[in-house]
1. Sort out which residues of segment A:283-324 are farther than 21 Å from A:Pro405 by Cβ and open to solvent by 60 Å² or more (accessible area, probe 1.4 Å), and write them in order of number.
2. Given the conditions (1) over 21 Å from A:Ser452 (Cβ atoms); (2) in contact (Cβ under 8 Å) with a residue 60 or more places away in the chain; (3) within 14 Å of chain B (Cβ to nearest Cβ); (4) among the aliphatic types (A, V, I, L, M), and given that A:Ala238 satisfies all but one, which numbered condition is not satisfied?
3. Before we move on, is A:Arg200 under 30 Å from A:Leu118 (Cα atoms), in contact (Cβ under 8 Å) with a residue 40 or more places away in the chain and not aliphatic (A, V, I, L, M)?
4. Mind checking which pairs have a first residue in segment B:63-78 that is within 11 Å of chain A (Cβ to nearest Cβ) and a second that is assigned to a loop (DSSP other than H, G, I, E, B) and at pLDDT below 80, Cβ under 8 Å, 6 or more apart or different chains?
5. Of (1) at the interface with chain B (Cβ under 7 Å from one of its Cβ atoms); (2) open to solvent by 20 Å² or more (accessible area, probe 1.4 Å); (3) aromatic (Phe, Trp, Tyr), A:Tyr374 satisfies all except one. Which?
6. Surrounded by fewer than 17 Cβ atoms within 10 Å (Cβ to Cβ) and on the phi > 0 side of the Ramachandran plot: is that true of A:Gly272 in this structure?
7. Name the single residue, out of those in segment A:414-456 being open to solvent by less than 10 Å² (accessible area, probe 1.4 Å) and more than 13 Å from chain B (Cβ to nearest Cβ), that is farthest from A:Ala163 (Cα to Cα).
8. Within segment A:352-365, restricting attention to residues that are open to solvent by less than 20 Å² (accessible area, probe 1.4 Å) and within 9 Å of chain B (Cβ to nearest Cβ), which residue is nearest to A:Gly438 (Cα to Cα)?
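The values are calculated or read from the model by the stated rules, or taken from the named source; none is laboratory data. If you're wondering where the values come from, they're calculated on a predicted model, not measured in any experiment. Glycine gets a Cβ as well: all are built from the backbone with ideal geometry, and neighbour counts include every protein chain shown. In case anyone asks, the SASA skips ligands and DNA or RNA and just uses the protein heavy atoms, side chains included. Shrake-Rupley method; radii C 1.70, N 1.55, O 1.52, S 1.80 Å.
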Amino acid sequence: MPGDICSLTLAEVASALQKRELSALEVTRACLSRIEATEPAIDALLHVDAEGALARAAELDAGGPRAEQPLWGVPVTVKDALSTKDIPTTAASRILENFVPFYDAFVVGRLREAGAVLLGKANMDEFAMGSATENSAFKPTRNPWNTGRVPGGSSGGSAASVAAGQCFASLGSDTGGSIRQPAAFCGCVGLKPTYGRVSRYGLFAFASSLDQVGPLTRTVEDCARVLTVIAGHDPRDATSEPRPDEDFTLAVRNAGESLAGVRLGVPRGFFGEGLADEVRAACETALESARKLGAELVDVELPPTDIASATYYIIAMAEASSNLARYDGVRYGRRAPGVHTLEELYVESRSEGFGEEVKRRIMLGSYVLSSGYYDAYFRKAAQTRRLIRDAWRDVLEGCDAIATPVAPVTAWPLGSHATDPLQAYLMDAYTIPVNLAGLPGLSLPVGLGRESGMPVGLQLIGKAFDETTLLSIGHVLERALPSVGAPRLL
Amino acid sequence: MTKEQPKPVSREEVRHMAALSRLAVTEEEERLFARQFGDILAHMALLSKVDTEGVEPLYSPHAHAAATRPDEAANLRTRAEILANAPETDGEYFVVPRIV
């Protein structure tokens, strides 16, 4: 059995652990061997805490399973933007190279309380700025389906880790698509919850009006289970909404097998110019399945994606320039040696510590907020953001969810966008409006591209705080579609 | 997709942006950023075509009621924890180059 452990779903392994058919130590050891076997090919992780994971598994085994711990004995990884007590946390930046937090992020605490075993920290684009995990200051991650291609980003390490069977779930963060797009590129399920659903306490901030933490898993039911664990009010994040607890796992199990009565909005503008044929084909096949399952497909109109993209980059960069001002070489993080004044200390530490993409975004962010440009860029973007949010809300009044591709293409070869950042920015066009509007978005694998052989993701977008509908639709569709399977990495 | 004609950003402007950001850029970065910023700002300038007359700016996707809590000191962290990741301390305080 040990050889097969890593290909189980989270629900399956959790059930075997609860019944003591598997011990936490057996499962953790299986994952650590998988990590050892696959890391040379994919580089999904920045830090593996084998010792801590084994000690934790042994401790769990000694105490025995508890039914109220839905992740009892289940090995997981988390994105390196999430603070982990006594485990290095770098956000894939040189500026935090030796940073070891003394506290857990809210979501990491929730995973531990639910009985999970933390295996390590997943690679990412530096401070979550990128869509290929090539902006990591330490190493690029490669896609388990084809190691010549990127895993997507910025939570590319999380997606690759889940797809390669290193763990049963990972947590990522999503500011403009950073959970959904790598999930799509690696053939996993990824959910960006509603803004306010999950606390960001302990998430290294990138753009605070857009950031959300969410799960990446191999099935929708697994995703629902992890969301149930991490959702909830936290007074330490002022945007965290006080709401009654919901059991998303139960909701998914009760979803049935039909989509009768479900109205799915299809924005034709998202299926036009710039969309790769193989992505269109896979998404349209999935939509046809949804229709056969009883869903009603309705044409809807949403604001143009290029307007959303321009709005997003102004807001995200402005907020980043403000959030990243804290890295000043004084209280933590890298300090440049041999400086004589405080000003030099700030400038030299930041210039040495930040990578090129982070500098680009901080500088543009400072610019759009600066005197003389604030009204034309930042204030203007905040106004178009309202128009975009209202338009999405209005469309969702008339349907249960909106379906679009996650990305216009499948995973591209490493190094493709190295010299043209704008080209890379335009790849996020389908996911960013969801962050601007604060809505939940689910990325569901719906097939392999017929040219590239790489996974394609369908994005389902729901009403604010209606993850239940989104996960239920995703679950029904997932069971009706042929599985994309797992990468043959070993 | 319509695009504004990219106007290159001057290298002087790049240096100004770096100064605002407390960053230093090399000459090579200056040249690279001047070109790339021109393209990116042209993309952002698409918004000038959107009529936003009378539209209230939106800074967060949901309305958040300001929650109040009792004003009590929590003392959650020790000095040792706070100083543990500092590049330079004297055991009690963060140390920086002489300011005055």
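1. A:Ser322
2. Going through (1) over 21 Å from A:Ser452 (Cβ atoms); (2) in contact (Cβ under 8 Å) with a residue 60 or more places away in the chain; (3) within 14 Å of chain B (Cβ to nearest Cβ); (4) among the aliphatic types (A, V, I, L, M) one by one, A:Ala238 breaks only (2).
3. On the way: under 30 Å from A:Leu118 (Cα atoms): yes; in contact (Cβ under 8 Å) with a residue 40 or more places away in the chain: yes; not aliphatic (A, V, I, L, M): yes.
Yes, satisfied.
4. none
5. (1)
6. Values: surrounded by fewer than 17 Cβ atoms within 10 Å (Cβ to Cβ): yes; on the phi > 0 side of the Ramachandran plot: no.
Against the criterion (surrounded by fewer than 17 Cβ atoms within 10 Å (Cβ to Cβ) and on the phi > 0 side of the Ramachandran plot), A:Gly272 does not qualify.
7. Checking each candidate, the answer is A:Thr431.
8. A:Gly365
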